[in-house]
Amino acid sequence: MSSTEIQNLGEEPCFRLEQLPGKSPHLAGKASPQVNSRWDAPEVTANGVHDIEDRILRITGYYGYKPGYSSHRREEGSESHAETPVSETSGKGTAYQTCANTVLKVLGGLLVVLCVSSSWVGITQVVQLTFKSFSCPFFITWFSTNWNILFFPLYYSGHVATTREKRTPIQKFRECSRMFGENGMSLKVFLKRTAPFSILWTLTNYLYLLALRKLTATDVSALYCCHKAFVFLLSWIVLKDRFMGVRIVAAIMAITGIVMMAYADGFHGDSFMGVALAVGSASTSALYKVLFKMFLGSANLGEAAHFFSTMGFFNLIFISCVPLILYFTRVEHWGSLSSLPWGYLCGVAGLWLVFNILVNVGVVLTYPILISIGTLLSVPGNAAIDVLKHEVIFSVVRLAATCIICLGFLLLLLPEEWDTVTLRFLTTLADKKTEEHGEELTESSVHTRSRSRANGAVSIPMA
């Protein structure tokens with residue numbers, strides 16, 4: 001027995017098949033199979049872990065054993081553990097991105113709410129300042145409406161700056177005119193679709209300015225908030241919208257506030273006339289919105305910009321004769337053009353244009369309910385200016401009427417499924433409290449038993 005054979009006694013027996021002389025180790029016409037032998041096993045690592053595990057599995061006769069099985073399983077396990085954090089990281093990244101987008105949308109909405117409220121307060125206050133030197137409400141309305149022509153050029157400029165798609169203004173204008181029909185804009189469609197809305201728009205703003213000559217800015221802005229209740233009533237009657245009891249209550253509250261506002265100074269004089277003008281402005285505004293929904297439906301930002309610019313053109317072409325008639329009949333007479341307060345006039349027109357842009361842009365970028373809240377916040381904004389600057393003293397009846405109208409406005413903002421959502425939330429909250437109470441009882445019973453065992457007593461549960 002040689003020294004090499006003696007050294008191999010400590011290892012497992014090894015048999016080697018020698019090739020017969022003249023014979024091929026493979027059958028003719030057969031593919032040579034890959035036979036795993038001892039020398040095909042994976043290489044032994046520095047610590048020999050792979051080789052030891054392979055030998056143990058081979059000796060014990062592990063079913064389905066293949067050389068290198070343990071190393072392959074270890075590598076697969078390491079790969080699976082390496083892949084799991086990646087999927088978890090991607091999921092967490094998606095959730096984080098969604099949360100960040102929601103937060104940004106809410107913050108942007110709050111900023112839009114502040115801007116909408118500030119612009120509406122600015123319109124109301126600047127108009128009252130304009131009336132001190134230029135008391136021509138229809139001319140102010142006509143001049144401000146003409147500025148709506150700038151809506152589409154501003155939209156097109158923003159569209160070109162924010163997108164890679166480059167279209168000519170005519171192409172974009174024709175694309176946005178599809179809201180009027182498949183054939184786009186024509187003279188017949190222009191007169192048929194634009195004329196009613198332009199007249200209602202002018203009438204709404206004109207009545208609002210007339211009311212500002214009779215009442216304070218706070219009263220007029222509060223009464224104008226009743227348009228939300230009128231929109232619901234008209235939509236329920238004309239558009240057959242869903243009936244909601246809470247909105248009927250809100251409409252009743254709005255009507256109650258109107259009556260209280262008219263009763264504050266008695267049903268006579270400028271106060272009653274001012275209330276009637278403000279309610280008329282809210283009514284025409286509601287009719288404008290319901291008809292828009294009926295005939296034109298919903299519109300995106302480009303279509304809204306197209307529509308406002310179209311109304312501006314209609315106002316400039318067809319309604320320009322009305323200020324001239326009022327001028328020559330001396331209903332609204334002014335001196336030379338150089339004597340007009342152009343600073344106040346441009347301020348009112350610019351704020352009105354900004355308000356219209358913010359309302360339509362805000363609906364696209366954030367939640368529509370925030371835009372309505374911005375209109376409502378103009379009431380306390382005007383009240384603060386009236387008290388601090390104009391030293392207006394509000395009676396208890398007026399304050400109560402304003403609060404009732406604002407509360408009804410908030411009720412009208414509730415979604416249609418608010419009752420179902422509220423009941424579901426209350427049920428979930430009650431179930432959660434029950435679970436927490438059960439956990440507290442379990443913890444207290446365990447604590448009591450542990451204390452009794454520590455004192456040497458045994459607690460026997462009651463049957």
Between the alpha carbon centres of region 121-192 and region 232-291 the gap in Å comes to 28 Å
Linear extension gain, Ala161 paired with Asp431, 0.36 nm per residue minus alpha-carbon span:
92.0 nm
Taking K and R as +1 and D and E as -1, what net charge do the other residues with C-beta under 13 Å from the C-beta of Leu291 add up to?
+4
Could you rank Lys172, Lys432, Lys228 by how accessible they are, 1.4 Å probe, largest area first?
Lys432, Lys228, Lys172
If unit charges are put on Cβ atoms (+1 for Lys and Arg, -1 for Asp and Glu) and the dipole of region 138-238 is taken about its Cα centre, the option from Ile149, Thr168, Val231 lying farthest towards the positive end turns out to be Thr168
The extension gain from Ala100 to Leu399, computed as 0.36 nm times the residue separation minus the Cα-Cα distance, is 103.6 nm
Calculate the radius of gyration of the Cα atoms of region 172-221 to one decimal place, then report Dmax, the largest Cα-Cα distance, as a whole number, both in Å.
16.7, 47
Distance between modelled label sites at Leu154 and Arg330, nm, 7 Å Cα→Cβ extension:
3.9 nm
Once you place label points 7 Å from the Cα toward the Cβ at Glu391 and Ser186, how far apart are they in nm?
6.4 nm
Leaving ligands, DNA and RNA out of it, rank Arg330, Arg193, Arg213, Arg167 by accessible area with a 1.4 Å probe, largest first.
Arg330, Arg213, Arg167, Arg193
With equal scatterers on the alpha carbons only and no solvent term, can you work out the Debye log10 of I(q)/I(0) for region 281-348 at 0.12, 0.19, 0.22, 0.27 1/Å?
-0.54, -1.02, -1.11, -1.19
Got a sec? What order do Met260, Met244 fall in by accessible area at 1.4 Å, biggest, i.e. largest, first?
Met260, Met244
Given the C-alpha atoms of region 118-225, compute the convex hull and give its volume per residue in Å³.
144 Å³
With all protein chains present, calculate the accessible area of Tyr344 using a 1.4 Å probe and round the result to the nearest 10 Å².
100 Å²
Given the Cα-Cα distance of Val249 and Thr420 and 0.36 nm per residue of separation, how much length would full extension add, in nm?
59.7 nm
Taking R0 as 25 Å, what FRET efficiency do you get between Ile170 and Trp342 from their Cβ-Cβ distance, rounded to the nearest 0.05?
0.15
At 1.4 Å probe size, what's the solvent-accessible area of Ile319? Round to the nearest 10 Å².
20 Å²
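The values are calculated or read from the model by the stated rules, or taken from the named source; none is laboratory data. Here the structure is a predicted model, which is why all the values come from computation and not from measurement. We place every Cβ from the backbone using ideal geometry, glycine too, and count neighbours over all the protein chains shown. The area values use the complete protein model at the heavy-atom level, side chains included, leaving out ligands, DNA and RNA. Shrake-Rupley method; radii C 1.70, N 1.55, O 1.52, S 1.80 Å.
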